[in-house]
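Taking it in order: structure first as structure tokens, then the write-up.
All of the numbers you see were taken from the coordinates with simple rules; none came from a lab. Everything quoted here is computed from the prediction, not taken from an experiment. Please note: Cβ atoms are built from the backbone with ideal geometry, for glycine as well, and neighbour counts cover all protein chains shown.
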Amino acid sequence: MTPAAAEASTESTPTGPPSGRRSARTGSTFAALRVRNFRIYATGQAFANTGVWVQNIALDWLTLELTGSPAAVGIAMALQFLPILLFGMHGGMIADRYPKRNILLVTQLCSASVATTLAVLTISGHITVGAIYAMALVGGFVVALDNPTRQSFVGEVVPAQYVRNAIALNAAVFQTTRLVGPAVSSVLIGTVGSGWAFAVNALLYVGPTITLASMRTAELHRTTPLLREKGQLRSALRYVRDRPHVGWTIALVGVFGTFGLNFPVVLTAMASETFHAGAGMYGTFNIVIAVGSIAGALIAGGRSHARLRLILLLGAAFGAAQTLAAFAPNLGTFTVILVLMGVTNLAFQAIANSSVQLWVDPEFRGRVMGLYVLVFMGGTPIGGPIIGWITEHVGVRAGMAVCGIVPLLAAVVLAGVLAARPALARRRRGAAVLAG
């Protein structure tokens, strides 16, 4: 694709609505819910995401109980992300080769097995930190396959004109479960113990398994399976290289995920050190961000198309909001800015995700989303320790400011590069004319 074509493709979604009348019809905030398969799929995701939050809170708490070491919690988190960093694109390649619905049915079973194993070991009193590490690693391998498959499967559940809205609504469902899951987990841990939290998660996986099995396969917009050949990962990388608007978006998402989303590090420190409060305040901060995130996802869902400049604007807005939050003079101001962080965070994520999916051809979608997930989630083990070191040795506000300034600068620099490209192209053409 030529630079001119790439720039043109950022002006509107290539596979989106071709007319203003169709845009008006498909631009509703809840448009994707008109599709029966998506309603069923979203219901299953509500169960699955609630279980993920229940298990994550319980796993972190249990690790801390067994070791008394926050570093051990960090190791468990790193082990969950390591397979994504190493095999994220391979998971996307598998998603391109085989029916995505069948893959997701297998990953639900595997995730339920991990949760069941943790439940049995914990309830029976045989759990060890080594077992936690092993299950975290196994779970990471499952996610490395599940996540890119799940991301690209949305494009098969709904027609192309509803993809952006469906992704935004999925994000809204995820953030809504973020309000419910941690609360359920806390109650279970405090009353019957972490083992039963794992058991509840295993039970909740029945929901997405049933919904996936009950979807009408004839109504799925399936792509032709990719035949096994050598060099398919390299061809996907070349595909992204030849479409700069896709590569730039993925690069910005990588910066965003590595530095911008270290909420567990900075918000715990802001709650305890800056505002001299406890775990309850940290929980409140997360709820406030989740409320803003739901609003951001719904705003994104109301858009039928988006330009690359909007993605850059939202990334810069999120960075600016987090920078302002770092220097908020009081708790009230800080809380208000957290809402803005939540709105811009999820609007950026939903629009960037849906745009990348709609900008790429269906046969490449699994591998490209594998790269997307690798860049977005794989940077967490890198950015987390860096922000943690700054927070501990320089100061809490400095750590949070870096989380905002880096994405802000990345968006501004990329906007400057894009603005300069037409002038550079004209200079090259002029030089070529003179040389000729």
Open item on the list: How would Ser214, Ser28 line up from fewest to most surrounding beta-carbon atoms within 10 angstrom?
Closed with: Ser214, Ser28
Task: Size of the chain as Cα extents on the principal axes (Å, biggest first) - done: 78, 55, 43
TODO: Would you mind computing, in nm to one decimal, how far apart the modelled labels at Leu137 and Thr116 are, each placed 7 Å from Cα along Cα→Cβ?
DONE: 2.3 nm
Task: Unit charges at the beta carbon, dipole of the chain: most positive-side option, Leu314, Val187, Val339 - done: Leu314
TODO: Quick one: angle between helix 70-97 and the longest Cα principal axis of the chain, in degrees between 0 and 90, rounded to 10, please.
DONE: 40 degrees
Task: Reference-scaled alpha-carbon Rg (2.2 N^0.38 Å with N residues) for the range 240-293 - done: 1.61
- [ ] Give me the angle, in degrees from 0 to 90, between the Cα long axis of helix 129-157 and the longest principal axis of the Cα atoms of the chain, rounded to the nearest 10.
- [x] 40 degrees
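With the convex hull built on the Cα atoms of the range 184-230, state its orientation-averaged projected area in nm². Spell out each step's value before the answer.
Working: hull surface 25.2 nm².
That works out to 6.3 nm².
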Open item on the list: If neighbour count is taken as other Cβ atoms inside 10 Å, put Thr323, Thr274 in order from fewest to most.
Closed with: Thr274, Thr323
- [ ] Report, in debye and to the nearest 20, how large the dipole of the chain comes out about its Cα centre when Lys and Arg carry +1 and Asp and Glu carry -1 on their Cβ.
- [x] 1820 debye
Task: Protection proxy ranking of 311-317, 83-89, 108-114 - average other beta-carbon atoms within 10 Å, highest first - done: 311-317, 83-89, 108-114
Open item on the list: Report the rotationally averaged projected area of the range 174-255 based on its alpha-carbon convex hull, in square nanometres.
Closed with: 10.0 nm²
- [ ] Could you tell me how many degrees, from 0 to 90 and to the nearest 10, lie between the Cα long axis of helix 308-326 and the main elongation axis, the longest principal axis, of the Cα atoms of the chain?
- [x] 40 degrees
